[in-house]
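Contents: one structure, followed by commentary.
No lab work stands behind these numbers, since they all come straight from the coordinates. Please read these numbers as outputs of a predicted model, since none were measured by experiment. No Cβ is skipped: glycine too gets one built from the backbone with ideal geometry, and neighbour counts run over all protein chains shown.
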Amino acid sequence: MPWNLIPKTLNADQPAPHLADYAAARATFSWADARAELAGLPDGGLNIAFEAVDRWVATGQGNSVALRWLGKKGERRDFSYAELARLSNQFANSLERLGIRPGDRVCVLAGRIPELYITALGTLKAGAVFCPLFSAFGPEPVRVRLANSRARVLVTTSLLYQRKVQALRPVLPDLASVLLTDSDNDEPGLHAFHALLDAESDHRPLPCTQPEDWALLHFTSGTTGAPKGAIHVHEAVVAHRWTGRMALDLRPGDIYWCTADPGWVTGVSYGIIAPLTNGATLVVDEAEFDVRRWYAILEQERVNVWYTAPTAIRMLMKAGPEPARGLDLRALRFMASVGEPLNPEGVVWAVETLGQPFHDTWWQTETGAIMIANYRSQDIRPGSMGRPLPGIDAAIVQRRPDGSVDFPMPGEEGELALRVGWPSMFRAYLDDEPRYQQCFAGDWYLTGDLATCDADGYFWFVGRNDDVIKTAGHLIGPFEVENVLLEHPAVAEVGMIGKPDEFAGQIVKVFVSLKPGYAPGDTLRKELIGFARTRLGPAVAPRELEFIDDLPKTRSGKIMRRLLRARELGLPLGDLSTLEGES
Ligand code: PRX
């Protein structure tokens with residue numbers, strides 16, 4: 001099959017795509033129309049959780065399954081929209097009893113358990129801000145995020161609490177209440193999640209949030225400084241729902257599976273909000289990746305729409321065609337991918353092995369929702385991220401020294417930019433207005449991604465213009481990793497890079513120079529990797545560590561990670577005289 005075009009696969013027995021005519025949809029679309037499709041609240045109010053669950057109850061669809069939870073040990077539990085509405089009411093009432101006020105932050109540190117979903121929805125109903133923390137984070141990333149968000153409440157499990165939070169309580173004075181999902185403990189500051197909810201009414205008055213009230217806080221990494229807290233408001237739900245319809249082709253009654261963990265933005269925007277606001281049944285698998293389990297879920301749950309990521313796709317490819325042989329995937333209408341470059345091989349492999357292609361989509365924590373996509377109604381150019389959604393203007397720009405931007409010729413590389421004004425655009429970086437402002441040039445938001453755009457308007461990913469990396473789809477910043485290693489007495493300097501990896505896309509690799517009196521060796525290497533793992537957790541800690549006498553630095557002393565990258569890849573080091581002059 002030629003790799004330059006994968007024809008669309010539209011079966012006559014499946015519903016026609018929501019986005020049938022791309023050009024016409026772009027020409028006629030308005031965000032006001034998308035907004036008008038939501039239920040809304042009296043006096044111009046808007047609430048994500050109300051749009052996700054209660055509106056379906058109000059229109060008589062409360063008995064349909066909202067959440068189908070598949071537990072690690074084979075458990076299976078369905079929650080109807082009405083049940084989720086009641087449980088999230090109880091959670092919101094519990095928050096009020098704990099003294100939580102609108103705008104307060106409620107964090108969750110848990111795997112994919114039902115309580116996480118109840119927490120997210122209940123927090124939003126109470127007008128508080130929901131902030132998920134990835135459960136594979138070690139104590140250090142957890143501490144930084146709990147402290148910087150000034151979380152008042154944390155929902156977690158006993159095990160995660162003991163391992164990662166308990167010892168931090170003295171340095172987290174704002175964290176008044178921890179709710180344990182699997183314990184009967186009730187003591188000051190520590191509560192049993194279920195007992196707390198059971199004591200509350202499952203009724204609540206309508207939420208009183210306004211569209212611009214803060215709703216979601218997602219931490220994301222940059223090259224420098226602590227993780228940035230991207231703030232999204234309730235108005236974002238307009239984009240969550242609309243992009244779920246247009247880019248993922250979601251519709252009421254669909255069985256939908258998003259494999260992303262809700263510790264990251266995809267697992268919230270598309271693992272909770274987009275499917276529920278579109279009336280779908282959300283499949284949640286608590287277990288980790290497993291080839292046979294995943295194929296069984298697709299087949300047995302009769303998944304209609306599947307949203308996954310290139311690392312998982314590469315793992316499925318690695319397992320070969322045998323586990324996929326004989327699978328009945330007739331229910332599967334649409335498959336999409338996000339988070340890292342989707343290799344053309346992955347698209348072609350999917351057509352050959354699963355009978356249909358993956359559709360790449362592009363977005364980021366700051367955009368809150370899908371911005372660029374390959375659509376069900378369109379042929380695919382493998383390797384391309386696709387074209388902007390109706391309502392989204394994207395362009396390739398080059399920054400000028402004065403902070404304004406130039407628009408290069410079609411086909412030339414530059415930074416991917418989006419015209420401001422879509423509903424799910426982040427509204428702030430928590431406590432960091434200067435950093436927020438740096439993301440904009442006039443009415444363009446600058447994404448930090450390098451890309452090209454071809455003559456037909458398809459965007460092609462080139463790389464990042466900073467030093468953050470993607471490993472197994474997770475965005476990791478050098479600052480957090482390097483800082484932890486610098487705490488070790490042997491370490492003088494550290495530089496982190498992403499080393500290309502066949503499956504994870506990139507792995508975290510660090511170059512370390514040692515203080516006088518310490519000698520490089522295997523024992524020290526293992527000790528340092530272990531040290532980082534204990535503090536950062538396996539998802540963030542370096543997989544490789546190389547000792548180096550001197551790290552390349554600019555005259556002002558900044559470590560030049562791109563020279564480390566070039567060295568790793570065996571690339572020419574470039575003109576060192578100019579690089580040395582960088583500040
Ligand atoms: O570099 C881009 C990459 O992931 C970054 C955003 O990561 P994060 O904020 O964690 O959001 C994850 C939810 C999408 C982007 O700046 N990225 C995302 N999608 C793609 C991608 N790189 C290549 N192709 C994609 N489809």
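Across the stretch 429-437, rounded Karplus estimates of 3J(HN,Hα) from the backbone phi angles (6.51 cos²θ - 1.76 cosθ + 1.60, θ = phi - 60°) give 9, 3, 6, 9, 4, x, 5, 4, 4 Hz, Gly and Pro being marked x. Using all pairs of distinct alpha-carbon atoms, the Kirkwood hydrodynamic radius of the stretch 170-321 works out to 18.6 angstrom. Protection proxy ranking of 61-69, 259-267, by the mean of other Cβ atoms within 10 Å over each peptide's residues and highest first, is 259-267, 61-69.
Peptides 221-234, 440-453 ordered by packing proxy, namely the average of other Cβ atoms within 10 Å per residue, highest first: 221-234, 440-453.
For the stretch 470-569, just say rounded, prolate or oblate: build the C-alpha gyration tensor, square-root its eigenvalues into a ≥ b ≥ c, call rounded for a/c under 1.5, and beyond that prolate if a/b exceeds b/c, oblate if not.
Values: a/c = 1.63, a/b = 1.17, b/c = 1.39.
It is oblate, given that a/c is not under 1.5 and a/b is not larger than b/c.
Please identify the longest segment of the chain free of exposed GluC sites (Glu not before Pro), where exposed means a DSSP state other than H, G, I, E or B and no more than 16 other Cβ atoms within 10 Å. Here the longest run is 76-211.
The slack in the chain from Asp406 to Asp328, taken as 0.36 nm per residue of separation less the alpha-carbon distance, amounts to 23.0 nm. When both bridge partners sit in the stretch 22-450, DSSP labels roughly 45% of those beta bridges antiparallel.
Spatial offset of the stretch 1-78 relative to the stretch 263-289 amounts to 12 Å, using the alpha carbon center of each. Judged by the gyration tensor of its Cα atoms, with axes a ≥ b ≥ c, the stretch 372-493 is prolate; a/c meets the 1.5 cut and a/b is the larger of a/b and b/c.
Whole-percent P(r), the stretch 22-450, all Cα pairs, 20 Å bins from 0: 26, 59, 15, 0.
Look at Trp214, Trp349 and count the other Cβ atoms within 10 Å of each Cβ; fewest to most, that gives Trp349, Trp214. Pairs exceeding a 28 Å alpha-carbon distance, out of Lys228/Lys526; Lys228/Lys470; Lys470/Lys515: Lys228/Lys526; Lys470/Lys515.
Given R0 = 41 Å, the distance between the Cβ atoms of Asp186 and Ala58 translates into a calculated FRET efficiency of 0.75. Only helices enter this figure: runs of n ≥ 4 DSSP H residues, each worth -39500 (n - 2.57), summed and divided by the residues of the chain, yield -7500 deg cm²/dmol at 222 nm to the nearest 500.
Taking 0.36 nm per residue of separation and subtracting the Cα-Cα distance, full extension of the segment from Ser30 to Glu544 would add 180.2 nm. A crude spin-label estimate for the pair Glu286 and Thr534, with each label 7 Å from Cα along the Cβ direction, gives 3.0 nm.
For Glu433 and Glu527 in the same chain, what is the full-extension length gain: residue separation times 0.36 nm, less their Cα-Cα distance, in nm? Can you show the working numbers first?
Numbers: separation 94, 0.36 × 94 = 33.84 nm, distance 3.89 nm.
Using 0.36 nm per residue and subtracting the Cα-Cα distance, I get 29.9 nm.
Placing R0 at 41 angstrom, the Cβ-Cβ distance between Asp13 and Ala39 gives a FRET efficiency of 0.85 after rounding to 0.05. Here the label points at Arg97 and Arg293, each 7 Å from Cα along the C-beta direction, are separated by 3.4 nm in the simple model.
How much of the DSSP bridge set in the stretch 470-569 is antiparallel, in percent, rounded to the nearest 5?
75
Let a ≥ b ≥ c be the square roots of the eigenvalues of the Cα gyration tensor of the stretch 180-235; is it rounded (a/c under 1.5), or, if not, prolate (a/b larger than b/c) or oblate?
On the way: a/c = 4.17, a/b = 1.40, b/c = 2.97.
Oblate is the answer for the stretch 180-235, as a/c is 1.5 or above yet b/c matches or exceeds a/b.
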